Each structure stands twice: as structure tokens, then as C-alpha cells.
């Protein structure tokens, strides 16, 4: 059966267009990447609520912060590398420290940056954003979860960092599936091991790994984290309580991101089983296809399966 795929960026823009029709405070900012983020339609529909600041990402965040003080709800987007490393201080102080309402979007996270190469490959954005006090950090796993999050972001005051890939990804959830910031979703129950995964790439890799393991009699569960911060510790502990081992899976550095968050939760709550992290291990990115990079950095199904078998002995 052919797997249905949809673009997360299309869900992002379509949802903003629908919301903007009813809410005149929603504005969109871009750093000259409208064709990449797919926000040209918003510019056409609402030219007076669209701001292209050019290749000046920190300035974009500063403008977004200013618009927020006027009661606007700014959604500012650029590549994930610029939305994290380049604008970090501006976002930290002008938006978060000031308790404003800026929604920052980072596209092409991790290896999904592909041919843009190492300079444009944000492996460290989750670690950076996770330490910002009070910041919400989201990574939807398909178009429908993204649309739901954008709606909730528009309705909820506060700063948010949302990361997603541009290419089409498999649809995991039915239409009208309810989502809530801070709540994970159990995609598959397991009795032996659980993959705690974040983002489309690693959630789908985990689902495939679970299928492979099932063929050899190993029951693997998959938890779609969706919200890195505030993370759903209750869901993680519930699934961990059913298995002998847990593996975190993220398209980012294992230091400071999901792997660290899950390790903290398990350690602080006396988890007696085994734990391992799948993610980038202290390396810079490089140029290549997404499939090549997924294998190169050990994010592939084979690496997940191998680690699961090692933990289970």
C-alpha cells in the first residue's frame, strides 16, 4: 500500500492563511526565503502583514519582537541553522527575556538540510533552544500535527521554536486528530523496548525499526514526543515502565536535546532498565542526500535495530 505524504511547510502556510482570515494580528516575517518556506501565498493574500527583511535574521527577530509589543502575533521563519545559531541572543533577550509572543520557525533541521551542507545543518538547535527559560520547543512529525500546533501557537501567548523539514513526509495521523502542546502520542505499544522519537525522520525510522524487530520476536513500542519542551515526562515514564529498555531517537546532537531530556527523566525517576541515545555524536554536518546523511550519522533503521538488540542482549 502506497504511503500518503504531505509537505509540512504547506500545512504551516495553509494554516496561517486560514487563521489570518479571522485574526488580523497574525503577521509573517521572512529572511528572503519565501520560496523555501512556501509563504508566497500569504504575501499575496496579506501584503500589508508580510515582512521580508532580507538576509538579516537577527534583525528579523528584533522586528518580530517589536511587532509583538504592538499586539501582533509574529511568525518568523528561516533555515534552522539561522533560526538557532545566528539569532540566538536576539531571540533570547528581545523575545524570551522580554516575555513577548514571537513564534520562530526553523526549517530543514538536522540532516534534512541535505545539499545545503554543513554550514546550513543545524544539529545543535534543540540543545540551544531547550535551555531558554520558558520557551516552548516543538517538532511535529507530519503535516497534520504541524497544522494543529500552528493553531495552538496562534492561540497561546508566549515564545515558541518550531522546527520542521520542507520535503513531503509520511502522514502518521488521521484528519482532525487532537494534539496538545506538551503531550506525546503513542504510535505503537511495546513489551520489550520503546523508541522515544522526535520529528518526522526519526519517528518514521523508529516505526520501521519496530517492524524489523517484530520479525525476530522483539516487541518494540514507538512514542512520538512532538514537544521537546515542555516534555511529556508522564508518557515517557509510562512507556518505560512497560519495557526493559528505552532508546531516544533524534535528528540532532544527542547532547542537550531529546537524549539528554529523556536520560534526565529516567534517571530522576529510578528507571531500572537500559537506555541508549540515537542521534548526532559530536560532529559537524556535511553535504549529501538525506538518505546518505541518515546512514552516515547513524540515524538509519539498521542503527536503531542494532542498538535495540544490544540493549536486550
key: Test for residue 34: is it at pLDDT 95 or above, more than 17 Å from the chain's Cα centre (by Cα) and more than 17 Å from residue 154 (Cα to Cα)   = no
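Just to be sure I understand, how many residues within region 252-272 are in contact (Cβ under 8 Å) with a residue 24 or more places away in the chain and under 24 Å from the mean Cα position of the chain (by Cα)?
Within region 252-272, the first condition is being in contact (Cβ under 8 Å) with a residue 24 or more places away in the chain, and the residues that meet it are 252-258, 260-262, 265-266, 269, 271.
Now narrow it down to the ones that are under 24 Å from the mean Cα position of the chain (by Cα): 252-258, 260-262, 265-266.
Counting residues in region 252-272 that are in contact (Cβ under 8 Å) with a residue 24 or more places away in the chain and under 24 Å from the mean Cα position of the chain (by Cα) gives 12.
Would you check which residues across region 64-85 are in a helix (DSSP H, G or I) and surrounded by 19 or more Cβ atoms within 10 Å (Cβ to Cβ) and list them? Spell out how you get there, then give the answer.
Applying the first criterion (in a helix (DSSP H, G or I)) to region 64-85 yields 64-69, 80-85.
Passing the criteria: 64, 65, 67, 68, 80, 81, 82, 83, 84.
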ask   = How many of the residues in region 181-215 are touching a residue at least 24 places away in the same chain (Cβ under 8 Å) and part of a loop (DSSP other than H, G, I, E, B)?
value = 9
task = Answer yes or no: is there a residue in region 136-151 that is in a loop (DSSP other than H, G, I, E, B), over 14 Å from the mean Cα position of the chain (by Cα) and over 16 Å from residue 250 (Cα atoms).
result = no
ask   = When region 216-231 is examined, which residues are found to be closer than 19 Å to residue 149 by Cβ, touching a helix residue (DSSP H, G or I) at 6+ places or on another chain (Cβ under 9 Å) and in a loop (DSSP other than H, G, I, E, B)?
value = 225, 226, 231
query = Taking into account only those residues within region 147-168 that are closer than 24 Å to residue 114 by Cα and out of contact with any strand residue (DSSP E or B) (no Cβ under 6 Å at 6 or more places or on another chain), which is surrounded by the most Cβ atoms within 10 Å (Cβ to Cβ)?
reply = 164
Top-ranked residue of region 1-21 - restricted to ones that are crowded, with 18+ Cβ neighbours inside 10 Å and without any contact (Cβ under 8 Å) to a residue 60 or more places away in the chain, ranked as farthest from residue 162 (Cα to Cα) = 20
query = Would you pick out the residues in region 248-276 that are under 18 Å from residue 139 (Cα atoms) and part of a strand (DSSP E or B)?
reply = 248, 249, 250, 251, 252, 253
task = Return the residue satisfying two criteria in turn: it lies in region 120-135 and is touching a strand residue (DSSP E or B) at 6+ places or on another chain (Cβ under 8 Å) and not in a loop (DSSP other than H, G, I, E, B), and of such residues it is surrounded by the fewest Cβ atoms within 10 Å (Cβ to Cβ).
result = 120
query = Can you tell me which residues in region 37-57 are assigned to a helix (DSSP H, G or I), surrounded by fewer than 17 Cβ atoms within 10 Å (Cβ to Cβ) and in contact (Cβ under 8 Å) with a residue 12 or more places away in the chain?
reply = 41, 43, 45
key: Residue under evaluation residue 24, criteria (1) exposed (fewer than 14 other Cβ atoms within 10 Å of the Cβ); (2) not in a loop (DSSP other than H, G, I, E, B), criterion not met   = (2)
request  = Please work out which one of (1) under 19 Å from the mean Cα position of the chain (by Cα); (2) buried (at least 17 other Cβ atoms within 10 Å of the Cβ); (3) closer than 22 Å to residue 149 by Cα; (4) in contact (Cβ under 8 Å) with a residue 60 or more places away in the chain is the condition residue 111 fails and give its number.
outcome  = (3)
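The values are calculated or read from the model by the stated rules, or taken from the named source; none is laboratory data. If you're wondering where the values come from, they're calculated on a predicted model, not measured in any experiment. In this analysis, Cβ positions are derived from the backbone assuming ideal geometry, glycine residues included, and neighbour counts consider all displayed protein chains.
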